[in-house]
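Participant: Quick one: this structure, given as structure tokens, is what I'll be asking you about.
Where a number appears in this text, it was derived from the coordinates with a stated rule and is not lab data. None of the values given here were measured: they were computed from a predicted structure. Here the Cβ positions follow ideal geometry from the backbone for every residue, glycine too, while neighbour counts run over all protein chains shown.
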Amino acid sequence: MTTVALGVLAVGPAADAVTQHVPQLVADRFASRLFAKDASLWGPAAEAESAVRLSWVTLGRTSRPLVGEVAALRDHLAAQGVDHVVLCGMGGSSLAPEVICATAGVPLTVLDSSNPDTVRAALAESLDRTVVVVSSKSGSTIETDSQRRAYEAAFTGAGIDPTQRMVIVTDPGSPLDKNARAAGFRVINADPNVGGRYSALTAFGLVPSGLAGVDLEQLLDEAESVADLLSDDDEANPALRLGAAMAGTEPLRDKLVLVDDRSWITGFADWAEQLIAESTGKKGTGVLPVIVQGDSDNPDPEVLSLAGDITVARLVDDVADVADATEATTDPSRSEVRVSGSLGAQLLLWEVATAVAGRILGINPFDQPDVESAKNAARGLLEATSVKPDPAAFTDGAIEVRTLGGDWLGDATTVAGALDSLFSVLDPQHGYVAIMAYLDRLGDAPLADARPAIAGRTQRATTFGWGPRFLHSTGQYHKGGPATGVYLQITAAPQEDLAIPGREFTFGDFISAQAGGDAHVLADHGRPVLRLHLTDHDAGLAQLIRTLVNESP
């Protein structure tokens with residue numbers, strides 16, 4: 001692995017945005033004030049929240065005591081033959097450790113789903129040598145609490161003391177902190193003045209990563225080594241430049257296409273997606289991250305697009321190696337920014353850039369009001385046990401079809417026709433398609449491969465999210481961002497349901513309520529939603545994939 005200095009190179013409209021906004025950011029001393037934890041940077045309405053959300057700027061230094069603590073715990077567990085690490089957490093609590101461990105090449109099982117098939121598979125994997133990290137700021141996140149209950153019951157059923165195999169990461173003084181300590185669990189507190197999506201270098205990111213075998217000291221060294229650069233009020237500051245390229249184009253290019261172009265950081269776009277979408281998608285504006293798989297040799301449709309609402313962000317090994325070629329070959333209408341640097345450095349870079357984007361957009365980058373609305377809707381459906389699903393408009397093969405958010409279905413009688421109707425209301429200049437699959441992220445992974453076909457068919461930016469994890473990411477943008485999306489929701493009955501110990505509802509009930517709650521909140525915001533329910537999982541999934549990619553049976 002080659003570690004290079006941070007590099008940010010913008011071209012086309014993204015470069016124009018840098019030229020327009022960075023001098024003012026420098027004049028306003030944005031960078032130095034951010035690192036001084038100035039809560040006034042995003043306006044009076046955001047000040048109260050910002051005042052308790054800015055400790056992430058110094059984590060490269062302040063998280064050092066965790067290095068030894070986590071190493072000692074890892075050695076203690078290894079001496080007992082416990083070396084399989086499972087993380088139960090949602091949003092930033094799971095996505096940061098996932099990319100940290102994947103990049104380091106160490107195994108980590110991330111359980112961030114309420115799909116019963118997914119949970120059951122995790123419970124069945126090497127329980128005798130498993131340690132479970134339960135990550136939640138307060139413990140009130142129902143997904144994480146349900147996963148915790150399932151593992152505690154599984155350990156007990158196997159004759160294993162759960163208090164010796166579960167590590168709780170939470171804010172000091174939280175209900176989870178108090179209850180876990182009283183029950184005898186090991187608790188490691190995180191910095192309470194850091195929000196979940198900025199928590200990569202807190203205990204939420206470091207405890208599971210360190211237990212899995214990541215070199216935490218190197219990661220923190222990488223972040224600390226660029227702190228002075230990112231806090232400098234200078235036009236060369238890469239975070240100011242990246243934030244301006246993301247959010248400062250005029251008119252705003254509100255789709256940021258994230259493509260890994262042979263960087264060595266594995267899965268970074270998934271973490272960046274959550275950071276950017278949840279931080280910026282509110283008050284009718286924001287930046288929608290779009291994760292694509294193609295690189296320079298095999299690009300996805302969005303990478304080739306010259307649409308006026310797209311900026312391509314390429315993660316590369318070294319910006320310096322591609323600077324001359326980029327300047328020479330990029331179409332002047334193409335907006336593009338290339339980014340390079342070590343993982344620890346880029347975690348801090350993108351966090352600062354997202355805070356910059358919030359200032360340019362005039363929004364609070366630290367709240368997530370529409371994430372809470374979807375949670376509340378799901379709770380309401382769980383409590384209203386007599387509520388039945390809306391009747392299907394029709395059934396095609398193994399797929400039931402339902403619609404919300406307006407009278408747009410027309411005379412469609414097939415899944416293909418329903419898709420045509422959904423895409424017919426798509427804004428051809430500014431719209432996007434969101435595919436939201438409440439299925440098994442591992443077992444049903446081939447479904448995600450259909451995303452480029454939809455992008456090519458509609459010629460619009462297309463995202464793919466696994467439910468419920470996307471609710472803590474692009475879910476905020478769906479409801480709080482501009483009303484330009486159309487939404488394809490995919491659900492299925494689990495192959496086998498799973499009880500949640502101590503709850504009256506099952507995992508199957510829960511994920512169904514999450515999907516239903518999200519769909520209804522979207523519809524309440526006037527968003528068109530096509531709900532496809534697979535009545536026979538395997539047959540329905542095969543039928544749906546064929547339809548999405550326009551293949552004959």
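Participant: With both partners inside the chain, how many of the DSSP beta bridges are antiparallel, as a percent to the nearest 5? Kindly include the intermediate steps, with their values, before the conclusion.
Facilitator: Working: 16 of 65 bridges.
Bridges in the chain that DSSP calls antiparallel: roughly 25 percent.
Participant: Between Asn179 and Val106, how many nm apart are label points set 7 Å from Cα along the C-beta direction?
Facilitator: With each label placed 7 Å out from Cα toward Cβ, I get 3.0 nm.
Participant: Can you compute the modelled spin-label distance between Arg503 and Trp264, with each label point 7 Å from Cα toward Cβ, in nm?
Facilitator: Inter-label distance under the simple model: 4.1 nm.
Participant: Cα to Cα, under 18 Å, and not fewer than 8 places away if on the same chain: which aspartates and glutamates meet these conditions relative to Lys375?
Facilitator: The qualifying aspartates and glutamates are Asp112, Glu143, Asp145, Glu278, Asp367, Glu383, Glu504, Asp509, Asp518, Asp524.
Participant: Moving on. Starting from the Cα of Phe394, move 7 Å in the Cα-to-Cβ direction to define the label point; list residues of the stretch 408-432 whose amide nitrogen is under 17 Å from there.
Facilitator: 408-424
Participant: Place a point 7 Å from Cα of Gln80 in the direction of its Cβ. Which residues in the stretch 87-105 have their backbone N less than 20 Å from it?
Facilitator: Under cut-off, by backbone N: 87-88.
Participant: Next up: Mind listing the long-range amide H neighbours of Gly467? Cut-off is under 5 Å, sequence gap 5 or more, other chains count too, H placed in the peptide plane at 1.01 Å from N.
Facilitator: Ala437, Tyr438, Leu439
Participant: Would you kindly derive the ³J(HN,Hα) couplings of the stretch 10-22 from the backbone phi angles with the Karplus curve 6.51 cos²θ - 1.76 cosθ + 1.60 (θ = phi - 60°), listing them in order in whole Hz, with x for Gly and Pro?
Facilitator: Values, residue by residue: 10, 9, x, x, 5, 5, 4, 5, 4, 4, 6, 9, 5 Hz.
Participant: Going by how many other Cβ atoms sit within 10 Å of their own, how do Met166, Met246, Met90 line up, fewest first? Please list the in-between numbers first.
Facilitator: Values: Met166 23, Met246 29, Met90 26.
Final ranking by Cβ density, sparse to dense: Met166, Met90, Met246.
Participant: Could you give the nm distance between label points at Glu125 and Asp161, where each point is 7 Å from its Cα heading toward the beta carbon?
Facilitator: A separation of 2.7 nm, rounded to one decimal place.
Participant: Specify the longest stretch of the chain that does not include any exposed loop site, a site being one of the trypsin sites (Lys or Arg not before Pro) with a non-H, G, I, E, B DSSP assignment and at most 13 other Cβ atoms within 10 Å. Please report the intermediate quantities before stating the final value.
Facilitator: On the way: sites that count: Arg29, Arg262.
Longest site-free region, per DSSP loop and neighbour criteria: 263-553.
Participant: What fraction, in whole percent, of alpha-carbon pairs in the stretch 29-98 exceed 15 Å separation?
Facilitator: Working: 1721 of 2415 pairs.
When all Cα pairs of the stretch 29-98 are counted, 71 percent exceed 15 Å.
Participant: Turning to a different aspect of this structure: Against the 2.2 N^0.38 Å scaling, with N counting residues, where does the chain land? I'd like the Cα-based Rg ratio to two decimal places.
Facilitator: Values: Rg = 22.7 Å, N = 553, 2.2 N^0.38 = 24.2 Å.
Against the empirical 2.2 N^0.38 Å value, I get 0.94 for the chain.
Participant: Quick one: if the Förster radius is 22 Å, what FRET efficiency do Ala445 and Asp297 give, using the C-beta to C-beta distance and rounding to 0.05? Mind showing how you got there, number by number?
Facilitator: Values: r = 23 Å, r/R0 = 1.03.
After rounding, the FRET efficiency stands at 0.45.
Participant: Right, next: Evaluated at 37 °C with a viscosity of 0.692 mPa s, what Stokes-Einstein diffusion coefficient in µm²/s does the stretch 120-175 have when Rh comes from the Kirkwood expression over alpha-carbon pairs?
Facilitator: Details: Rh = 11.8 Å.
It diffuses with D of about 279 µm²/s by this estimate.
Participant: If N is the number of residues in the stretch 369-548, what value comes out of its Cα radius of gyration divided by 2.2 N^0.38 Å?
Facilitator: Working: Rg = 15.4 Å, N = 180, 2.2 N^0.38 = 15.8 Å.
Dividing the Cα Rg of the stretch 369-548 by 2.2 N^0.38 Å gives 0.97.
Participant: Exposure proxy check: Leu404, Leu439, Leu201 ranked by fewest other beta carbons within 10 Å?
Facilitator: So the residues, fewest neighbours to most, are Leu404, Leu439, Leu201.
Participant: What number do you get for the stretch 63-222 when its Cα radius of gyration is normalised by 2.2 N^0.38 Å, N = residues?
Facilitator: 0.94
Participant: If you rank Thr103, Thr491 by fewest surrounding Cβ atoms within 10 Å, what's the result?
Facilitator: Numbers: Thr103 20, Thr491 23.
Arranged by neighbour count, lowest to highest, Thr103, Thr491 become Thr103, Thr491.
Participant: If contacts are Cα pairs under 8 angstrom and at least 6 residues apart, what is the relative contact order of the chain in percent? Intermediate values should be presented prior to the final figure.
Facilitator: Numbers: 1140 pairs, mean separation 108.6, N = 553.
Once divided by the residue count of the chain, the mean separation gives 20 percent.
Participant: Now for a separate question. Helix-only mean residue ellipticity at 222 nm, the chain, DSSP H runs n ≥ 4 weighted -39,500 (n - 2.57), per residue, nearest 500. What is it? The partial results should precede the final answer.
Facilitator: Numbers: 23 runs with 244 residues, N = 553.
Calculated at 222 nm, the ellipticity per residue is -13000 deg cm²/dmol.
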